[in-house]
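The values are calculated or read from the model by the stated rules, or taken from the named source; none is laboratory data. Nothing here was measured: the structure is a model prediction, and the numbers come from that model. We place every Cβ from the backbone using ideal geometry, glycine too, and count neighbours over all the protein chains shown. Just the protein is used for accessible areas: all its heavy atoms, side chains included, with ligands, DNA and RNA removed. Shrake-Rupley method; radii C 1.70, N 1.55, O 1.52, S 1.80 Å.
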Amino acid sequence: MTFVFLHVFFLILLGFSNGFSDLDALMKLKASMVAPNRSGLDDWKPENSTLKTNTHCSFSGVSCDENFRVTSLTISYVPLFGTIPPEIGILNKLVNLTLVADNLTGELPVEISNLTSIRFINISSNLLTGEFPGQIVSGMSQLEALDVYNNNFSGKLPLEFSKLKNLKVLYLGGNFFTGAIPEAYSEFQSLEKLGLQANELSGRIPASLSRLSTLRELYIGYFNSYEGGIPPEFGSFKSLKLLDLGGCNLTGEIPASLGNLKMLHTLFLQINNLTGEIPPELSGLVSLMSLDLSINNLTGGIPLEFSELKNLTLLNLYRNSLAGPLPPFIGDLPNLEVLEIWENNFTFELPKNLGRNGRLLMLDVTGNHLTGPIPKDLCKGGKLQILILMENYFFGPLPEELGACNSLTKIRITKNFINGTIPAGIFNLPELTMLELDDNYLTGELPATMHSDSLQSVSMANNWITGKIPPAFGDLVNLTTLSLQSNKFSGGIPEKMLNLKKLYKINVSDNNLTGEIPATIATCVQLTSLDFSRNNLIGEFPRGILSLFNLNILNVSGNQFNGEIPIKLGHMKSLTVLDLSHNRFSGTVPMDGQLKDFGDDIFAGNLNLCLPQKARCPIVSGSKNNDRSIATSKMMIMLIALITTVSLFVLTFIKIKKKHMERSKAWKLTTFQRSDLKVEDVLDCLRDENVIGKGGAGIVYRGSMANGADVAIKRLIGRNHGFDAEIQTLGRIRHRNIVRLLGYVSNRESNLLIYEYMSHGSLGEILHGSKGAHLQWETRYKIAVEAAKGLCYLHHDCSPMILHRDVKSNNILLDSDYEAHVADFGLAKFLRDSGASECMSSIAGSYGYIAPEYAYTLKVDEKSDVYSFGVVLLELIAGKKPVGEFGDGVDIVRWVRETISEHREPSDAAAVVAVLDPRLKGYPLASVINLFKIAMSCVEDESTARPTMREVVHMLTNPPPSQPQTKPCLLTP
């Protein structure tokens with residue numbers, strides 16, 4: 001302690017002896033807090049005139065007293081990335097120090113203890129590290145508020161805070177403090193708000209905290225892992241208004257004594273292991289507005305005594321084992337706005353009066369055993385935004401009143417027994433973005449008029465809806481997903497519907513549609529999935545489909561299409577799923593594109609279609625005499641073939657070697673490093689049994705060279721599909737985490753790229769396959785770091801900069817040690833001017849990974865790669881694919897945002913719990929939070945808000961200290 005004060009005294013003495021002023025101190029702060037190659041505090045420039053002593057008082061964020069001494073320093077949300085220097089201690093007249101979300105790093109200097117006039121310190125949401133030097137506050141007798149939330153401080157909770165008599169606010173949450181909550185924390189004299197949430201605290205919660213008579217808000221949950229349960233003594237708090245104990249491993253029952261907290265307006269106990277029934281004594285919480293008991297092991301029902309909670313606005317009970325009927329008084333609660341009771345065992349009907357209070361905003365009862373009609377007054381107040389009633393037993397029609405509920409943004413009523421027609425007004429709601437009515441018994445026709453600028457996803461599959469598909473779907477200008485499969489629609493496909501520019505998925509399969517597919521389908525340039533199967537559509541293959549360059553899935557099976565299959569279909573490099581089966585196609589299947597790679601099953605049931613590998617092809621016309629003549633001709637041909645085969649058998653063996661040599665000479669081998677590759681060895685590997693992967697760009701084979709080395713050989717579809725980009729990038733760069741291009745073999749018709757072989761395939765294949773559980777957290781984090789280093793090299797160490805443009809989990813390959821290598825540079829581009837963007841003629845990349853600005857403006861820069869990498873990080877965290885697992889029109893980024901937005905906890909910890917891969921059996925929680933924060937920063941909508949790959953690597957390789965190696969999951973999978 002003495003050393004610290006002597007150090008501070010020496011610093012001050014040195015400052016005065018050198019003529020240090022507040023201006024000098026501020027300039028030192030700028031030099032230290034603004035990291036190299038970063039910008040910020042640009043107006044902090046001293047004027048040349050030595051007569052002006054108040055120059056610094058006009059700096060942004062700086063306030064002074066009448067003596068031009070700095071009294072307030074406020075710099076927030078400026079990405080400085082520097083450190084706080086010791087010179088901060090020279091500003092000893094500071095009353096307010098606010099440095100929020102500036103990405104400041106390093107440790108807190110002990111010289112800050114010289115700020116003896118300070119009353120408010122807020123350094124939250126930075127990257128500060130090390131143990132918090134508690135001794136610095138000993139002389140801050142006037143300190144009223146200290147906020148260091150969301151940094152990387154570690155070690156034990158400092159005891160010195162409890163001696164600050166004027167301290168009212170203490171926020172230490174969102175860090176990595178360890179150990180137990182000190183008993184000394186029950187000695188605060190004036191404390192009103194205490195936040196210790198989202199640390200790594202353990203032990204028992206001190207019952208003595210209840211002696212804090214002035215305490216109004218207490219946050220001590222989220223990733224802290226306490227022993228035991230909630231102290232019954234907590235019912236004796238005198239002034240407590242908010243108690244948040246969510247997500248901290250609490251066990252046992254909820255103490256009935258909590259019902260004594262007459263001033264409490266918020267009680268959060270969610271994400272724990274609480275058992276037993278909900279105490280009816282909680283009805284004594286007469287001021288209670290928000291009650292969250294979700295994600296526990298509670299049993300029984302909702303206490304009837306809760307009818308006394310007249311101020312209740314939020315009631316979250318989801319993911320428990322609650323049962324029984326919903327008490328009718330739920331509908332009488334005058335202020336109820338949010339009711340979430342999904343995934344329980346509630347039975348009988350929803351209260352008929354639910355919503356009549358005119359305040360209901362959100363209702364989610366998914367996954368119960370509720371039945372009866374949907375109450376008609378849910379939107380009586382015109383405020384209902386979210387209505388989710390999935391997977392129950394509701395019956396009867398949809399209330400007509402829903403068609404007039406202009407506040408609705410989301411309707412999800414799938415997997416029930418709803419019948420009748422859909423209210424026409426639903427398709428005109430001004431705020432509605434999602435309409436899901438799948439798996440019901442809806443009948444009748446859809447309305448002839450629809451108009452909505454907000455509706456993005458419409459799904460009403462597996463119903464009994466009849467009539468024609470309304471052309472009015474074409475008036476839903478922002479529609480992206482339309483799923484009408486498995487109904488009884490008839491008539492043709494409306495041309496107007498296919499004028500939608502943002503539509504990327506259409507499924508009208510399994511209906512009674514007739515006629516031809518309109519040519520206007522060519523205008524749906526964003527389409528990635530198209531399913532017209534199991535209808536009665538006719539005509540030749542729709543030529544408009546051939547211009548859909550983003551199409552991944554095409555299914556037209558089970559129709560009456562005729563004519564020949566267009567050659568250009570084989571050149572649609574984006575196609576990954578194709579089904580043309582059970583139609584009336586004829587002629588020969590073109591084999592010069594990628595059609596040959598899909599297999600014969602996609603052509604099955606086309607009786608007049610000829611596959612080149614078949615010895616006999618169908619003949620569609622001719623008389624009986626012609627048939628006999630043809631039969632005779634066939635016999636003669638077979639006889640001649642037999643004789644020819646016998647005659648040439650001996651010659652074949654002799655010519656094999658010669659032909660093989662000629663074939664080798666037709667190819668040219670180019671290598672980028674010393675190797676023993678030979679053309680004939682490469683060509684010998686191009687066999688079906690060696691295929692290890694197929695995609696829009698080509699086929700990949702595994703090959704063994706004469707020297708025993710294994711290689712991967714990519715046979716590109718087309719003469720130049722990414723060939724130039726691959727050899728121009730991989731041919732000139734070398735990095736441990738970028739796949740090595742050994743060379744290429746080419747002739748006039750095609751190209752073969754030869755890479756080092758990666759025995760574990762791609763990250764996407766493993767993560768989303770049956771072996772995904774083998775990728776535990778340590779390996780996942782290691783892969784993230786290595787892939788980031790590869791991309792960082794492309795962006796920052798190559799001149800000119802290289803943009804990958806197709807970063808995805810399937811393009812991150814893993815070797816035998818699971819070391820990551822960035823691969824597939826077929827879409828790569830050079831960016832000559834770093835920091836600029838380049839406009840592309842069309843979208844390249846993979847759906848789910850494409851940055852918003854790229855999709856909308858076709859402008860691409862290095863931050864587009866950063867967005868894609870952020871999606872990969874979310875895959876590693878959640879274990880989910882970027883698309884296809886969240887409902888139509890929802891990708892992993894949107895799913896994560898929607899999931900965490902439904903949680904009202906004040907930290908990132910609960911958000912991680914909500915999206916974390918359940919296959920992870922044990923993981924360091926701090927590391928998961930760190931990666932989650934990095935991922936979310938990478939997928940910011942605004943490209944300028946995303947970090948660079950160099951910053952990403954820095955954040956990944958410099959995680960907060962003192963992270964435990966392993967830690968059990970908060971929620972047991």
When a/c reaches 1.5 or more, the comparison of a/b and b/c decides; with that in mind, is the range 228-291 rounded, prolate or oblate per its Cα gyration tensor?
prolate
Could you order THR466, THR55 so the one with the most accessible surface comes first? Probe is 1.4 Å.
THR466, THR55
Among the aspartates and glutamates, which have Cα under 19 Å from the Cα of LYS156 when same-chain residues fewer than 8 positions away are ignored?
GLU107, GLU131, ASP147, GLU183, GLU187, GLU200, GLU227
Taking a label point 7 Å from the Cα of LYS668 along Cα-to-Cβ, the residues of the range 747-785 whose backbone nitrogen sits under 20 Å from it are 747-755
Bin width 10 Å, origin at 0, all Cα-Cα pairs of the range 218-353: what percent of pairs per bin?
13, 46, 35, 7, 0
Extending each Cα 7 Å along its Cβ direction at ARG584 and GLU898, get the distance between those two points in nm, one decimal.
4.2
Given 0.36 nm per residue, what is the gain on full extension from ARG204 to ASP43 after removing their alpha carbon distance, in nm?
52.9 nm
Please grab the % of Cα pairs in the range 165-297 that end up more than 21 Å from each other.
35
FRET E, pair GLU885, ASN747, Förster distance 45 Å, beta-carbon r, rounded to 0.05
0.60
Would you mind checking LYS163/LYS193; LYS488/LYS880; LYS168/LYS238; LYS771/LYS921; LYS880/LYS933 for any pair whose Cα atoms are more than 22 angstrom apart?
LYS488/LYS880
At a 1.4 Å probe radius, carbon and sulfur cover how many percent of the accessible area of the range 127-241?
44
Could you give the length gained by full extension between THR55 and LYS165, i.e. 0.36 nm per residue of separation minus their alpha carbon distance, to one decimal place?
36.0 nm
Pair ASP710, GLU131: separation of 7 Å Cα→Cβ label points (nm)
4.9
What percent do you get for the relative contact order of the range 141-238 when only Cα pairs under 8 Å and 6+ apart count?
24
As an exercise, use a Förster radius of 25 Å and the Cβ-Cβ distance of GLN142 and PHE20 to find the FRET efficiency, rounded to the nearest 0.05.
0.55
For ASP592, tell me the accessible area in Å² from a 1.4 Å probe, rounded to the nearest 10.
100
Between GLU765 and ALA522, 0.36 nm times their residue separation minus their Cα-Cα distance comes to what?
84.2 nm
Computing the accessible area with a 1.4 Å probe over protein heavy atoms, can you report the carbon and sulfur percentage for the range 365-451?
53
To the nearest 0.05, what FRET efficiency results for GLU400 and SER547 with a Förster distance of 30 Å applied to their C-beta separation?
0.10
Virtual spin-label span in nm between GLU495 and ALA180, 7 Å along Cα→Cβ
8.0
Using a 1.4 angstrom probe and counting only protein chains, how large is the accessible area of LYS468 in Å², to 10?
140
Checking the a/c ratio against 1.5 first, then a/b against b/c, what shape does the Cα gyration tensor give for the range 322-450?
oblate
Once ligands and nucleic acids are excluded and a 1.4 Å probe is used, how much of ILE900 is accessible, expressed in Å² to the nearest 10?
50
Would you mind giving the three semi-axes, in whole Å and largest first, of the ellipsoid equivalent to the range 60-151 according to its Cα gyration tensor?
19, 16, 11
